[in-house]
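Asker: First the structure, which I've put down as structure tokens, then a few questions once you've had a look.
The values are calculated or read from the model by the stated rules, or taken from the named source; none is laboratory data. Bear in mind that the values here come from a model prediction, so they are computed numbers and not experimental data. Counting neighbours? That spans all protein chains shown, and the Cβs are built from the backbone with ideal geometry, glycine included.
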Amino acid sequence: MRHYLAKLPRFTTLVILTLILLAFLAYTQPQLIGDDINKVSLATLGALLGFWVDSIALPYARPDGYLITLDWRKVAKREGAADFPVAQGYELVFALSCIRRLLAMGFGMLVLGMAG
């Protein structure tokens, strides 16, 4: 099952979950579905803009730049090992760059969510 999900494009499960939640909201409160779709769209746009700003502002500090291999999608998975091994000595930098990107996306979602 895990291998099947790994072949799907990124954020596919998030999109499916969002659609299920929107269908539930449309069923329970159909009068608010327009506002719900607007908020979900703003949150998604905020995440994409945060990701874009992080990628443009810091192109040489991408999280995947600290992995051992450039093509991390083709690394063989080993039992008991990290899915994507980080270069030795760069573990903290890798973690901080992941957190930085997460914060950029989160603040983008927050700002656009509050603006709408």
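Rundown of residues vs (1) farther than 30 Å from residue 85 by Cβ; (2) without any contact (Cβ under 8 Å) to a residue 40 or more places away in the chain; (3) not small (Gly, Ala, Ser), yes/no style:
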site: 23; (1), (2), (3): yes, yes, no
site: 33; (1), (2), (3): yes, yes, yes
site: 54; (1), (2), (3): no, no, yes
site: 58; (1), (2), (3): no, no, yes
site: 62; (1), (2), (3): no, yes, yes
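Asker: Moving on to the next point. Residue under question is residue 42, and the condition is that it be assigned to a helix (DSSP H, G or I) and in contact (Cβ under 8 Å) with a residue 60 or more places away in the chain; does it hold? Break it down into steps so the answer makes sense when it comes.
Answerer: Numbers: assigned to a helix (DSSP H, G or I): yes; in contact (Cβ under 8 Å) with a residue 60 or more places away in the chain: yes.
When the stated conditions are applied, residue 42 passes them.
Asker: Sticking with this structure for a sec: Please state which of the following conditions residue 13 fails to meet, knowing it meets all the rest: (1) of a type outside the set (D, E, K, R); (2) touching a residue at least 12 places away in the same chain (Cβ under 8 Å); (3) assigned to a helix (DSSP H, G or I); (4) more than 26 Å from residue 115 (Cα to Cα).
Answerer: (2)
Asker: If you check residue 113 against the conditions, is it at pLDDT below 90 and in contact with a Gly (Cβ under 8 Å, 6 or more places away or on another chain)?
Answerer: Numbers: at pLDDT below 90: yes; in contact with a Gly (Cβ under 8 Å, 6 or more places away or on another chain): yes.
Considered against the rule, which asks whether it is at pLDDT below 90 and in contact with a Gly (Cβ under 8 Å, 6 or more places away or on another chain), residue 113 comes out as yes.
Here's the yes/no breakdown for (1) more than 22 Å from residue 10 (Cα to Cα); (2) of a type in the set (Val, Ile, Thr):
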site: 37; (1), (2): no, yes
site: 41; (1), (2): no, no
site: 49; (1), (2): no, no
site: 62; (1), (2): no, no
site: 90; (1), (2): yes, no
site: 110; (1), (2): no, no
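Asker: Ok, one more. Would you be able to tell me the number of residues in the range 48-106 that are of a type in the set (Lys, Arg) and in contact with a Leu (Cβ under 8 Å, 6 or more places away or on another chain)? Write out each step before concluding.
Answerer: Of the range 48-106, the ones of a type in the set (Lys, Arg) are 62, 73-74, 77-78, 100-101.
Now narrow it down to the ones that are in contact with a Leu (Cβ under 8 Å, 6 or more places away or on another chain): 100.
Counting residues in the range 48-106 that are of a type in the set (Lys, Arg) and in contact with a Leu (Cβ under 8 Å, 6 or more places away or on another chain) gives 1.
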